[in-house]
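Following: one structure in structure tokens, then a few remarks.
Throughout, read-outs are computed from the coordinates displayed, never taken from laboratory work. Values in this document were obtained by computation on a predicted structure and should not be read as measured data. With ideal geometry, Cβ positions are generated from the backbone for all residues, glycine too; neighbour counts draw on all protein chains shown.
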Amino acid sequence: MAETLVDIADHLLTRGPDPALIGGRDRTTGRIVFPCPADAERFEAVELPREGRIWSWTVQRFRPKSPPYTGPESFEPYAIAYVELPGATIVESRLSGFSFDDLKVGLPCKLVAEVFAGKRSYAFAPNDSIGGDGA
Amino acid sequence: MTEVCIIGAGIHPFGRTDGMSGLQQGVFAVRQALADAGVEWPDIDIAYGGSSAAGNADIMVNDLGLTGVPFINVANGCATGGSALYGAFASIKAGQADLALAVGFDKHPRGAFDPRPADWGLPDWYGETGLMLTTQFFALKLRRYMEQFGISPTTLGRVAEKAFDNGALASHSWRKQPVDIDTIMNSQMVNDPLTKFMFCAPAEGGVGLVLASEKKARELGVTPIYLKAATIRTRPPGSFEVFSPSLDIERGPSPTVVASKAAFEASGLGPGDIDVAQLQDTESGAEIMHMAENGFCADGEQEQWLSEGRTRLGGVLPVNTDGGCLACGEPIGASGLRQVYENVVQLQGRAGARQVEGARTAYSHVYGAPGLSAIAILQR
């Protein structure tokens, strides 16, 4: 369903059935950052790995102020994490499909396109194809 | 170069003061500091000050007097007070002033801060999707640390319990009621693992400090408290800072580690020489992590330190003796100077029920977004 929607921002994630986040690789140092900075002379756009592991996490238990938050008025707590994408960088993301009680550092997860406020955004969901907590 | 001394300290009580602007609370604190030092406003050679949300500090010349004094406004986020102190310190060190003022004040609306992405060089989606909250950053940094070094939620509770116990003993604090650890642990979860009582709240208050060259202090006949070191450092590569959509896999030290090392080096003292410390405690976990980042213990040792009460009054290193940000709230511009105020009071031996007996050295550490730390080391 997310495929037909407008993206929440340009150049954030690729189109298609198996999207990837778009990071920026510093052409001089090789350092990878997310999102890809606008400075194309310095940063080359690269697709980030789709799979990673939870590096740290928390649950947002109160509704953020609007602006800038554009989520629904009726608030449900949501989980967020830093996800380590091996060999690339650690990205901040909402989590999708995890039970709060199960969250822990090291859990495998994978990128999914997710609808947020009527637009296509991203989240990380459980990656059941990988076992172990890797912590 | 001359030694730098703190010869006067003033504070407007922290918390909420209806009917009084942040600036007025700053003026109140300056007048008290001048009286404490036994000097008059026209004696001040240079002033540094700032607030985050309560206007420009130099406006206070309207109230204090149009003496023509150079008055430099400082805006360095949570480290505004530390930066003002550094400016005053450096002016005296450089021989440009004999008497200098550092002032910080603030007055924030209730509730969490609500920054705008563009002000931080961040894309709108980062705020729209609910990733741009300071409380999340604290929780995310802390969760990683707890996992790596075996810190338990109970230890977080102990930090808050100590803060409210100490705050009850400080006339300038906001929260004056002790809160038991069960209440702290079972209060509303805000950002796991941090509950409501483990977070400080934005507040109001003002602090003024009068600094003098050693020669001037002797002329005035006051017993000086020496400012042995005042350092500020911005973030090094790989530090973990607020509002970061991505982090490098290769992690680096925090700005606190760098600023702390520089301050100890400049002062000729080490962590073991310090009698009392005020460490940035925006939330319980921050105090825990900052104990190690400032060199007072190894990562993970905080678990034992807190269970043994080593950072309580009467312990080997009392930390946040006035209850810190948890009990005083955080008026951003004033917070770092409140720490120094508390240390001055401790070294002058007039801290009453919270006095650290025989304290001769005192350390303060303020940390702010987007990654800077300021340290001050005092000795009497």
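With each label modelled as a point 7 angstrom along the Cα→C-beta vector, the B:Glu265-B:Asp18 pair spans 5.2 nm.
Exposure proxy for B:Asp299, B:Asp43: other Cβ atoms within 10 Å of each Cβ, ordered fewest to most, give B:Asp299, B:Asp43.
Dipole orientation for the protein assembly as shown: of the candidates B:Ala334, B:Phe264, B:Leu64, B:Leu64 has the Cα lying most toward the positive pole (charges on Cβ; Lys, Arg +1; Asp, Glu -1). Between the range A:64-98 and the range B:139-153, how many Å separate their Cα centres? If you average the Cα positions of each part, the centres end up 19 Å apart.
Largest GNM mean-square fluctuation among B:Ala217, B:Ala168, B:Ala266, using chain B with Cα springs under 10 Å: B:Ala266.
Its residue count N fixes a reference of 2.2 N^0.38 Å for the range A:2-126, and the Cα radius of gyration divided by that reference is 1.08.
Left without a cysteine partner by the 4.7 Å Cβ rule in chain B: B:Cys5, B:Cys78, B:Cys297, B:Cys328. What separates the Cα centres of the range B:201-253 and the range B:302-328 is a distance of 20 Å. Fully extending the segment from B:Gln188 to B:Ala35, taken as 0.36 nm per residue of separation minus the present Cα-Cα distance, adds 50.7 nm. Between A:Leu103, A:Leu111, A:Leu13, the residue with the greatest mean-square fluctuation in the GNM of chain A (Cα pairs under 10 Å linked by springs) is A:Leu103.
Based on a Kirkwood Rh over C-alpha pairs, give the Stokes-Einstein translational diffusion coefficient of the protein assembly as shown at 37 °C and viscosity 0.692 mPa s in µm²/s. Estimated via Stokes-Einstein, D reaches 138 µm²/s. Quick check: pseudo-label points 7 Å beyond the Cα along Cα→Cβ at B:Asp180 and B:Trp120, how many nm apart are they? In this crude label model, B:Asp180 to B:Trp120 measures out at 3.8 nm.
In chain B, the longest principal axis of the Cα atoms and the axis of helix B:134-149 are about 70 degrees apart. Counting every other Cβ atom within 10 Å of each residue's Cβ, A:Lys104, A:Lys119, B:Lys228 order from fewest to most as A:Lys104, A:Lys119, B:Lys228.
Determine the sum of side-chain charges near A:Asp10: Lys and Arg each +1, Asp and Glu each -1, restricted to other residues whose C-beta is under 13 angstrom from that of A:Asp10. After counting each charged neighbour, the total is +1. Helical content alone sets the calculated 222 nm signal of chain B at -10500 deg cm²/dmol, taking -39,500 (n - 2.57) per DSSP H segment of four or more residues and averaging over every residue.
Using the empirical formula 2.2 N^0.38 Å as the baseline, the Cα radius of gyration of the range B:1-146 reaches a ratio of 1.25. Remark: for residue pairs B:Lys162/B:Lys216; B:Lys215/B:Lys261; A:Lys65/B:Lys176; B:Lys176/B:Lys261; A:Lys104/B:Lys228; A:Lys65/B:Lys141, the C-alpha separation exceeds 32 Å in B:Lys162/B:Lys216; B:Lys176/B:Lys261; A:Lys104/B:Lys228. What angle, in degrees between 0 and 90 and rounded to the nearest 10, separates the Cα long axis of helix B:153-167 from the longest principal axis of the Cα atoms of chain B? It works out to around 30 degrees.
Sorting A:Asp102, B:Asp36 by the number of Cβ atoms found within 10 Å of their own Cβ, with the fewest placed first, yields A:Asp102, B:Asp36. Could you work out how far helix B:80-93 tilts from the main Cα principal axis of chain B, as a 0 to 90 degree angle to the nearest 10? Approximately 40 degrees, to the nearest ten.
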